[in-house]
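These notes are about the structure you will find just below.
Any read-out appearing in this document is the output of simple, stated calculations on the displayed coordinates, not a laboratory observation. Since the model is a prediction, treat every value here as computed from it, not as a measurement. Because the Cβ atoms are built from the backbone with ideal geometry, glycine has one as well, and the counts that use them run over all protein chains shown.
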Amino acid sequence: MPPSNMPVDTLTVKPASEADLPAILEIYNYAVLNTTATADYEPQTLESRKAWYEERLAGGYPVIVGERDGAVIGWAALSPYFPRYGYRFSAENSVYVAPEAQGQGVGRSLLGKLCEEADRMGLHSIIAKVDASNEASLRLHARFGFESAGYFRELIFKFDRWLDVVHLQRVR
């Protein structure tokens, strides 16, 4: 595990490859089992994560990873916000960082690159759905111009409690 004071410039952010999927899956499944960053209850399989990855690529949506010393320590992706044609200039984002790498600027690097990719794609709006108690994610998104676009009370039930969800939006 790298020291917590390791500078973020040792991080490499690049497009994900199929070889990165086991690490992406491990990071996501940790979040599923231990956090409220996702409403999923059950860990995903490598097969389901491969299908997810292929769907994003087929739709022209980026999946990126952050690597340090050759190890994937975070990932981010854009997904279609809604399948209807009128929503084609909008996307939803996902950013996940391995627990041992949190607080080291990895999420900032990943979301920054994701916003650049969204601009390159001509996307007008990016939506993030965040557990209202996840202060780190709320601050991260605010840093990139995301603003509150809706507050939903008791939208998710996980870990025997109701969670409020904030919808954040970045408009280009």
Exercise. Could you pull out every residue, at least 5 positions away or on a different chain, whose amide H is within less than 5 Å of the one on residue 149? Hs are placed 1.01 Å off N in the peptide plane, and Pro or chain starts have none.
Key: 167, 168, 169
Quiz item: Hey, can you rank 111-118, 83-90, 143-150 by average C-beta count inside 10 Å, highest first?
Solution: 111-118, 143-150, 83-90
Practice problem: In whole angstrom, note down how far apart the Cα centers of the range 97-171 and the range 35-58 are. | Solution: 17 Å
Quiz item: ³J(HN,Hα) across the range 86-103 via Karplus (A = 6.51, B = -1.76, C = 1.60, θ = phi - 60°), whole Hz, x for Gly/Pro?
Solution: x, 8, 5, 9, 10, 9, 10, 10, 9, 9, 9, 10, 4, x, 6, 10, 5, x
Quiz item: For the chain, what is Rg from Cα atoms divided by 2.2 N^0.38 Å, rounded to two decimals?
Solution: 0.99
Quiz item: So what is the calculated 222 nm ellipticity per residue for the chain, using -39500 (n - 2.57) for each DSSP H run with n of 4 or more, over all residues, to the nearest 500 deg cm²/dmol?
Solution: -9500 deg cm²/dmol
Quiz item: Ordered by residue, what ³J(HN,Hα) values in Hz, to whole numbers, does the range 155-163 give under the Karplus form 6.51 cos²θ - 1.76 cosθ + 1.60, where θ = phi - 60° and Gly and Pro are x?
Solution: 8, 10, 10, 8, 6, 6, 8, 7, 10
Quiz item: Sequence-distant or interchain residues sharing an amide H contact under 5 Å with residue 63, placed H: which?
Solution: 16
Quiz item: Residue-wise, which Karplus ³J(HN,Hα) couplings in Hz belong to the range 146-151, taking 6.51 cos²θ - 1.76 cosθ + 1.60, θ = phi - 60°, and x for glycine or proline?
Solution: 6, 10, 4, 10, x, 10
Self-check item: Cα centre as origin, Lys/Arg/Asp/Glu Cβ charges: the range 63-118 dipole, Debye
Solution: 240 debye
Exercise. Please compute P(r) over all alpha-carbon pairs of the range 1-92, binned at 10 Å starting from zero, and give each bin as a whole-number percent.
Key: 15, 41, 34, 9, 1
Self-check item: Residues whose placed amide H lies under 5 Å from that of residue 74, excluding near-sequence neighbours
Solution: 66, 98
Quiz item: Can you sort 69, 131, 119 by how many other beta carbons sit within 10 Å, fewest first?
Solution: 69, 119, 131
Quiz prompt | Nearest-20 debye value, the range 8-124 charge dipole, Cβ charges on Lys, Arg, Asp, Glu | solution = 380 debye
Quiz item: Once all Cα-Cα distances of the range 58-130 are split into 10 Å bins that start at 0, what whole-number percent is in each one?
Solution: 20, 49, 24, 7, 0
